[in-house]
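S.K.: Just passing along the structure, written as structure tokens.
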Number of protein chains: 2
Amino acid sequence: MTSASRRVTQRDIARLAGVSQATVSLVLNNRSDADVRIAPETRERVLQAIADTGYVADPVARRLASRFNRIIGVFTYEPAFPSGTRDFYHPFLLGIEEYAERVGCDLLLFTSAPVVDGRRRVFHQDNRLRLADGCILLGREIDGTELRRLNADGFPYVAVGRRDDAGGPVPYVGADYAEAVGQLVRMSLAHGHRRLAYLSVGLDAESSADRYRGFQEHAAGAESARHIPGTGQEPDTLLDDLHADRATVVFVEDFAYAVALELAARRRGLAVPGDLSIVTLGDPTVAVPSDVAFTGFHIPREEMGRQAVRMLADLVDGGATGVHQRLLPCEPVEGETLGPPNPAVDRS
Amino acid sequence: MTSASRRVTQRDIARLAGVSQATVSLVLNNRSDADVRIAPETRERVLQAIADTGYVADPVARRLASRFNRIIGVFTYEPAFPSGTRDFYHPFLLGIEEYAERVGCDLLLFTSAPVVDGRRRVFHQDNRLRLADGCILLGREIDGTELRRLNADGFPYVAVGRRDDAGGPVPYVGADYAEAVGQLVRMSLAHGHRRLAYLSVGLDAESSADRYRGFQEHAAGAESARHIPGTGQEPDTLLDDLHADRATVVFVEDFAYAVALELAARRRGLAVPGDLSIVTLGDPTVAVPSDVAFTGFHIPREEMGRQAVRMLADLVDGGATGVHQRLLPCEPVEGETLGPPNPAVDRS
């Protein structure tokens, strides 16, 4: 009746049997309500059309009958494929794709989400979140209002990166920045540093707060542990500032700034780490042009992506209980920019 | 009855009204077949539950009623986010995402497709293609059998890159490699080169065939235009070969090989382009570590991605007619590796 190559749809079955698609659906799902009766001849006609055509249920249709669509939504607040050379999302997406493949799910990127004030919105008039069984949220700063609404809706989601509670605990797979920074502080103290400085990027994000918390907690025993908020000052001005403060080690949240600072230090004849140790709290293994091996830590972005999908799959299944929050350890990167302070320099 | 924040589903309506989901669907779509009768009280109960809950149709459900889901499928034969440093798909995906955003579509990456012989398959037992309204195919080599089946099924799709017919014309947005290579050949002839060599990668792909066709057609007036198939020989062996052949310019399909060849030439004291001009037919603007500015052309990958989505949207709409095949021009990259042959060198 139909050629083997053309895919048969429920619509075709309905047309062939001369009934509505809903009727086909009722027959397919073998439903018979007290309120809806299907004439036996009608049922027979539908079954015959199915047999004639070799119809196989459409996955979309199947989702309505079964529970899951095997689609994992991926929401990024900015384009997932940015045009800049530094590709922020790529390692996360690599891990997400790998695990999605493993669990046999497709990935749905919500590129249709409208952009408001330069950022996409999860919730909008034509909310398409439910096309997916659950959603992975990616972004340095995630809107608290949207997290609260996701929690209220009970829609399965997992944030990549730790998030503060938003009307309830937020399921996440993050990196343990506090511990990673703490470890670098302990290493500095062990090297003999007593006057520390911390240069933040001035972002109101959990990833920034966690790093600074790790610094504060572990620098408690130092003589000085000054916080310099990211005010966009020139590296040279900062070097003057650090010198006036007699700081011998600076913790720099943004890797690109650490690169600029090291260059400025070298230009004025300062030895790194002899005269000044520079530790980066970004990821020195991510490609920013620099011929210097910076001391810092590696953020397990790929693994965060993989585990976020794994956690989401658990949440969608509904089998898992308890709070879903996981912090992965960051691998230290030894580098060459942290060493003992120069005892020959009189900094008093 | 239900809280405003929780999203109401067709399932909820069915439960509240005490009927099946198919019945809800019949009521929603206002169908009344001769063969399926809905008791007026039942219909009333369903409508009341809809009014009580403020139910809004789910987009998946809506697709079954309306024609489009506003989902564009993206099929890559290998992972879309490869772990290598050279990210083949990224510029294409950038363009695809940009245009999808513009037309308000989400992107579905078919990561659930099973991998056979190291490559994903479009068609398999649990074919999920129809979750999307249409599909973009990405990959250097696309399986002809799968293209034939897509054509036979009448499923809207667009290939990125020119493809030979497969049971009918294949809709594509490609790059005009024949013309780009032809232009480089004409430039070489204008510089005075008469003995040309062509080093292919030995891939059985349209993109390779088009490049070689451009070479052949335009090198017709040369004294010699030799084709050296990519046999994986060492750059040094190839240099000997070119020397024996008295070739003064070599067209290298693979950019990484052009980089290796230039290095080998420099090591043996050959001047490029003085002693040997090296032209690359890959994309010298894509990051491969090299401090040499190669002559070649830029492949408009982003624009190919954008236009593929645009073409697909036209195909899905069904308004457009005719064959959908478009080749975009490649921008020449002047570089410094093509120049006049050295007249002082006796190559006879």
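Every number here is computed from the coordinates shown, using simple stated rules; none is lab data. Predicted model, so just to flag it, every value in this text is computed and none were measured. Here the Cβ positions follow ideal geometry from the backbone for every residue, glycine too, while neighbour counts run over all protein chains shown.
S.K.: Ranking request for peptides B:129-142, B:213-226: highest mean number of other beta-carbon atoms within 10 Å first, then the rest in descending order.
M.R.: Numbers: B:129-142: 21.9, B:213-226: 16.6.
The packing order, highest mean first, is B:129-142, B:213-226.
S.K.: Just grab the label-to-label distance for A:Asp241 and A:His298, each label 7 Å out from Cα along the Cβ direction, in nm (one decimal).
M.R.: The answer from the label model is 3.2 nm.
S.K.: Using label points projected 7 Å from each Cα along Cα→Cβ, tell me how many nm separate A:Asp164 and A:Ala222, to one decimal.
M.R.: For the pair A:Asp164/A:Ala222, the computed spacing is 2.5 nm.
S.K.: I would also like to ask the following. Could you tell me the center-to-center distance, by alpha carbons, between the range B:246-304 and the range A:247-279 in angstrom?
M.R.: With the range B:246-304 and the range A:247-279 each reduced to a Cα centre, they are spaced 38 Å.
S.K.: Give me the percent of DSSP beta bridges within the range A:195-332 that run antiparallel, rounded to the nearest 5. Don't skip to the answer; put the middle values down first.
M.R.: Working: 2 of 16 bridges.
Once the DSSP bridges in the range A:195-332 are tallied, antiparallel ones form about 10 percent.
S.K.: Within the range A:292-310, name every residue whose backbone N is under 14 Å away from a label modeled 7 Å from Cα of A:Thr285 along the Cβ vector.
M.R.: Flagged as within label range: A:294-305.
S.K.: Taking Cα pairs under 8 Å and at least six residues apart, what relative contact order does the range B:177-298 come out at, in percent?
M.R.: Working: 189 pairs, mean separation 31.4, N = 122.
Reported relative contact order: 26 percent.
S.K.: Could I have the simple spin-label model distance between B:Ala190 and A:Arg266, label points 7 Å from Cα toward Cβ, reported in nm to one decimal?
M.R.: 4.2
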